[in-house]
Amino acid sequence: MAYWLLKSEPDVFSWDDLVACGAAGEPWTGVRNHTAKLNLMAMKNGDRCFFYHSQAGKEIVGIAEVVREHYPDPTDAKGVFVCVDVRAVEPLPKPFTLAQAKADPALAKMSLVTSFRLSVQPVTAAEWAHICKASGLADA
């Protein structure tokens, strides 16, 4: 299993919106960056993703799961970009903020800290475990 971070502006599509989609999940559309596209293409069914509220909040608020691997993004008229489907798994007991990530030496090389504008980012297993523990999750 691989780990990822997906960013969304909560006033456009929030964690609660993903939860409301239920087990079927939601297509993660609208990505228009080629590096993020490559990350979407690398995702496999069952991979776990942190759900990050960008702009307002600037915090990881939940864990999502990839339920459909990449396919053409239906919102891309040119047919260049792809999307995956994700579903909500569980909220974090304590959201993990960008400020916490920046202040934590264990996360100094994390994409959230070094490539903060990228909307779909890889997360290492060590970063995943560290954030889950700091957020109050025993097993994730």
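The values are calculated or read from the model by the stated rules, or taken from the named source; none is laboratory data. On a predicted model such as this, the values are computed, not experimentally measured, just so you know. Reconstructed Cβ throughout: ideal geometry from the backbone, glycine too, with neighbour counts over all protein chains shown. Heavy atoms of the whole protein, side chains included, go into the accessibility calculation; ligands, DNA and RNA do not. Shrake-Rupley method; radii C 1.70, N 1.55, O 1.52, S 1.80 Å.
For the chain, set up a Gaussian network in which alpha carbons nearer than 10 Å are linked by springs, and say which option among Ala64, Ala108, Ala56 fluctuates the most.
Result for the chain, Cα springs under 10 Å: Ala56 fluctuates most.
Which residue fluctuates the most in the chain, going by a Gaussian network model with Cα springs under 10 Å, if the choices are Phe51, Phe81, Phe116?
Comparing Phe51, Phe81, Phe116 in the GNM, the peak value goes to Phe116.
With every protein chain present, what is the per residue accessible area of the chain (1.4 Å probe, Å²)?
Numbers: 7060 Å² over 140 residues.
Solvent-accessible surface per residue comes out at 50 Å².
Using heavy-atom solvent-accessible surface (probe 1.4 Å) with all chains present, what is the largest-first order of Arg87, Arg117, Arg68? Let's see the in-between values first.
Details: Arg87 65, Arg117 205, Arg68 115 Å².
Correct descending sequence by accessible area is Arg117, Arg68, Arg87.
Each residue of the range 87-96 in order: what ³J(HN,Hα) in whole Hz does its phi give by Karplus 6.51 cos²θ - 1.76 cosθ + 1.60, θ = phi - 60°, with x for Gly and Pro?
10, 6, 10, 6, x, 6, x, 10, x, 10
Eigenvalues of the Cα gyration tensor times 5, then square-rooted: what semi-axes does that give for the range 29-94, in whole angstrom, largest first?
23, 15, 9
First compute the accessible area of the range 30-79 with a 1.4 Å probe, then give the percent of it belonging to carbon and sulfur atoms. Could the numbers behind the result be given before it?
Numbers: 1250 of 2480 Å².
Ligands and nucleic acids excluded, carbon and sulfur reach 50 percent.
Evaluate Rg over Rh across the chain, taking Cα atoms for both radii and Kirkwood's formula for Rh. List each step's numbers first, then the result.
Values: Rg = 14.0 Å, Rh = 14.9 Å.
Taking Rg over the Kirkwood Rh, I get 0.94.
Which value, in debye to the nearest 20, describes the size of the charge dipole of the chain about its Cα centre when Lys and Arg Cβ atoms bear +1, Asp and Glu Cβ atoms bear -1, and nothing else is charged? Don't skip to the answer; put the middle values down first.
Values: 14 positive and 16 negative charges, 96 e Å.
Result for the chain is approximately 460 debye, rounded to the nearest 20.
Give the average over all directions of the projected area of the C-alpha convex hull of the range 1-62, one decimal, in nm². Don't jump to the answer; show the numbers that get you there.
Working: hull surface 17.6 nm².
Averaged projected hull area, Cα only: 4.4 nm².
Checking the table Lys102/Lys133; Lys44/Lys78; Lys37/Lys94 against a 20 Å threshold on Cα-Cα, which pairs fail?
Working: Lys102/Lys133 17 Å; Lys44/Lys78 24 Å; Lys37/Lys94 29 Å.
Listed pairs above 20 Å: Lys44/Lys78; Lys37/Lys94.
Determine the distance separating the Cα centre of the range 1-39 from the Cα centre of the range 41-106; give it in Å without decimals.
Centre-to-centre distance over Cα atoms comes out at 5 Å.
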